[in-house]
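First comes the structure, then the notes that go with it.
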Amino acid sequence: MSSEFFAVLFLNLIICIYIYYDMKNLSSPILPCMCANIRRAARALTQRYDEALRPLGLTITQFTILQALSLAGEPTQGELGEILAMDSTTLTRTLAIMTRNGWIGKHHGADRRERRLRLTRAGEAEFNRAVPSWRKTQDALRERLGKGRWDELTKLINDTASILAEQPNSDAK
């Protein structure tokens, strides 16, 4: 085997040891994958918001859909999926539950094939009922991070989502 092979093998071993050492010494280690770090943060945030909304019988996913519909007006399901960067299967399943609960209505758009979503009165009431719990969690997190870091993080996350939505996945070749 070539010396280049052993050099790469040795470098990978050093990286693995470093990662292992870092993971043992940090409560929340920085992983070498951006996606893994962001997903870990997203899971932690989801758990925090779900915990706050649980007494109301809502999940943060449902709240987010109610919030998006309150802001977006009457999008199609596809448009709502794009706004939330949510896959069609998850969105369809969640919308079905929310429709059964009477929170979301559907009607035909200008084109009869087009189905538009809207908040019903019950959906508006559910959203308004949940806002104080959501806001309390939001404010507590903002206070822990500090307004400057909160604003920077929010901008960075939105910029990242926009860049990824605009750019085809050419890196996966």
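Looking at the structure I just gave you, is Ala52 more than 21 Å from Asp139 (Cα to Cα) and of a type in the set (A, V, I, L, M)? Please lay out each step first, then the result.
On the way: more than 21 Å from Asp139 (Cα to Cα): no; of a type in the set (A, V, I, L, M): yes.
Judged against the criteria, Ala52 is not a match.
Among the residues of the range 130-152, those that are surrounded by 12 or more Cβ atoms within 10 Å (Cβ to Cβ) and touching a residue at least 60 places away in the same chain (Cβ under 8 Å) comprise Ala130, Ser133, Trp134, Thr137, Leu141. For Phe63, the conditions (1) modelled with pLDDT of 90 or more; (2) over 23 Å from Glu126 (Cβ atoms) all hold with the exception of (2). The criterion of being under 30 Å from Trp103 (Cβ atoms) and either exposed (fewer than 10 other Cβ atoms within 10 Å of the Cβ) or touching a strand residue (DSSP E or B) at 6+ places or on another chain (Cβ under 9 Å) (or both) holds for Thr120. Pairs please, first residue from the range 162-173 and in the same structural domain as Gly81 (by TED's automatic domain parsing), second anywhere and at pLDDT 60 or above and charged (D, E, K, R), Cβ atoms under 9 Å, 6+ apart in sequence or on different chains. Correct list of pairs: Ala165/Glu82.
The values are calculated or read from the model by the stated rules, or taken from the named source; none is laboratory data. Predicted, not measured: the structure shown is a model, and the values here were computed from it. All Cβ positions, glycine included, derive from the backbone under ideal geometry; neighbour counts span all protein chains shown.
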